[in-house]
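Taking it in order: structure first as structure tokens, then the write-up.
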Amino acid sequence: MSNSELISTAEPRLAPPPSFWNSPGFRRFRRHKLAVFGATAIVLMTLACIIGPLLLPYNDTFIDIRQRFAPPFSGPHVLGTDPLGRDILARLLMAGRISLAVGFSAMVISMAIGICVGMVAGFYEGVIGATLMRFVDAMLCFPSIFLLLAISALISPSVPSIVMLIAMTSWMEVARVVEAQMRSLRTRDFAVA
């Protein structure tokens, strides 16, 4: 048998599945210039908040009383200084770092609570599922801002308490979505088998 006969009789190869970088969705995203610009800006701001404070010559709490109210691009202070002589860029990047940590931590905690409650409520029909979902409905009735204000008046302000406050008032929507998906998955053939 010649090589041409071997090639023609061989089984056809299946094309490998497209990678993320070659997927139609990512190609469409790359063609949209504003979306690429927005994603690039978000990534750069996030990296600046994470890495930036380590690269600056001043930290966010360093007070230089002789440099009070320094204008932007004056000497080593890129964005100037505040009334106490603290570097505004360092304070801005540290505030961004704290905001990112609070937002990410609150999202992880609220997702964990919502997924657990939704899975239990969707898996166990009857009294347990109905009770959990009525509790979720009752929590959704309260406006989040008033609940946050009422609870924050009772506890001392700190980063962990802010994370817990945000997480405790934002898990209900996740629980409703997960519960609906769990109920639909319970009736599928692979779950019944």
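Residue 75 fails exactly one of the following numbered conditions: (1) at positive phi; (2) open to solvent by 80 Å² or more (accessible area, probe 1.4 Å). What is the number of that condition?
(2)
For the range 136-157, which positions are surrounded by fewer than 10 Cβ atoms within 10 Å (Cβ to Cβ) and either β-branched (Val, Ile, Thr) or not in a helix (DSSP H, G or I) (or both)?
145, 156, 157
Restricting attention to the range 129-167, which residues are in contact with a Leu (Cβ under 7 Å, 6 or more places away or on another chain) and farther than 18 Å from residue 103 by Cα? Spell out how you get there, then give the answer.
Let us first name the residues in the range 129-167 that are in contact with a Leu (Cβ under 7 Å, 6 or more places away or on another chain), namely 148, 151-152, 165.
Selection gives 151 alone.
Pull up the range 143-156, narrow it to residues that are without any contact (Cβ under 8 Å) to a residue 12 or more places away in the chain and of a type outside the set (Ser, Thr, Tyr), then point me to the one that is nearest to residue 179 (Cα to Cα).
Filtering the range 143-156 down to residues without any contact (Cβ under 8 Å) to a residue 12 or more places away in the chain leaves 143, 145-146, 149-150, 153-156.
From what's left, of a type outside the set (Ser, Thr, Tyr): 143, 145-146, 149-150, 153-155.
Working: 143: 22, 145: 25, 146: 26, 149: 29, 150: 29, 153: 32, 154: 32, 155: 32 Å.
The qualifying residue nearest to residue 179 (Cα to Cα) is 143.
From (1) over 14 Å from residue 106 (Cβ atoms); (2) open to solvent by 70 Å² or more (accessible area, probe 1.4 Å); (3) part of a helix (DSSP H, G or I), pick out the condition that doesn't hold for residue 160.
For residue 160, the exception is condition (1).
In the range 22-53, how many residues are touching a helix residue (DSSP H, G or I) at 6+ places or on another chain (Cβ under 9 Å) and surrounded by fewer than 10 Cβ atoms within 10 Å (Cβ to Cβ)?
Total meeting the criteria: 0.
Of the residues in the range 54-69, how many are open to solvent by 100 Å² or more (accessible area, probe 1.4 Å), over 15 Å from residue 97 (Cα atoms) and of a type outside the set (Phe, Trp, Tyr)? Show your work before the answer.
Our first condition is that a residue be open to solvent by 100 Å² or more (accessible area, probe 1.4 Å); within the range 54-69, this holds for 54-55, 57, 65-66, 68-69.
From what is left, the residues that are over 15 Å from residue 97 (Cα atoms) are 57, 65-66, 68-69.
Now narrow it down to the ones that are of a type outside the set (Phe, Trp, Tyr): 57, 65-66, 68.
Of the residues in that region, 4 qualify.
Residues that are touching a residue at least 60 places away in the same chain (Cβ under 8 Å) and closer than 30 Å to residue 192 by Cα: list the helices (runs of 4 or more DSSP H) wholly contained in the range 21-135 that include at least 3 such residues.
Working: elements: 24-31, 33-55, 88-123.
So the answer is 88-123.
All but one of (1) open to solvent by 70 Å² or more (accessible area, probe 1.4 Å); (2) more than 30 Å from residue 62 (Cα to Cα) hold for residue 97; which doesn't?
Residue 97 satisfies every listed condition except (2).
The values are calculated or read from the model by the stated rules, or taken from the named source; none is laboratory data. Being a predicted model, the structure only gives us computed values, none of them experimental. Reconstructed Cβ throughout: ideal geometry from the backbone, glycine too, with neighbour counts over all protein chains shown. Quick note on the areas: whole protein, heavy atoms, side chains included, nothing else; ligands and nucleic acids left out. Shrake-Rupley method; radii C 1.70, N 1.55, O 1.52, S 1.80 Å.
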